[in-house]
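A.B. asks: My questions all concern the structure below.
Readers should treat all values here as calculations from the given coordinates under stated rules, not as data from a laboratory. What you see is a predicted model, and the numbers here were worked out from it, not measured in a lab. All Cβ positions, even for glycine, are placed from backbone atoms using ideal geometry, and neighbour counts span all protein chains on display.
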């Protein structure tokens, strides 16, 4: 039977997707005749996942410079171009730095442990990332919600965009933005620790949807993921902010358990 799992969290790039080993230090990559100097770095997101980023700096420009940023699911080259692309000429003349970044879970970027576990289990799968157009939307608002959907099963998967059977909502904004896509009778797993008055107001909820019966056509599992994460990492002496960055890993463990996935690849990844 085919099952779709959607992970949802507020803010750009807050979810665990494909793993790639983090580089220990920026590695300059440059072509002798290129008008650019290329630098490859792994930039950490708020939850610690690192995204592969290629920075192309104009070779003959100095000082603070404007930046043109692009994030793509299609892969990026780590080499500086040998010639100036015609479409870049005007921008390069103004001193622009070109920054390209692999999306979370794509190519050299980290963040796809559930996807990896599903592939190792022998399932067919398709993924569907959904990132906000407004990257710097205020935290807690619906404008900044990002999601990652994985459709997997023993049969061939023909589409990545089916209605999900399971929705993991890390906050009210994520629930409000995506709950209508969930199949009737599907399962909502909500982090009730994030459903306080302030976050409810940011998501434009007049009442707590976890308590008012408005989610009656779905199954609802309320877990205080925030507090459970704090309890889990307490022995390591992390501050509150750093500890809450581990919520995605706690939720990933829950998903691995729910769908009977082997944790060994994740443990090995964490060790590296």
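A.B. asks: Order of 66-73, 54-61 by packing, highest average Cβ count within 10 Å first?
C.D. replies: Result, highest mean first: 54-61, 66-73.
A.B. asks: If packing is taken as the mean number of other Cβ atoms within 10 Å per residue, what is the order of 206-212, 38-44, highest first?
C.D. replies: Sorting 206-212, 38-44 by mean packing, highest first, produces 38-44, 206-212.
A.B. asks: If we count other beta carbons within 10 Å of each Cβ, what is the order of 83, 261, fewest first?
C.D. replies: Neighbour counts put them in this order, fewest first: 83, 261.
A.B. asks: Okay, next question. Please compute the alpha carbon radius of gyration of region 27-102, then divide it by the globular-protein estimate 2.2 N^0.38 Å. Two decimals is fine.
C.D. replies: For region 27-102, the normalised Cα radius of gyration comes out at 1.10.
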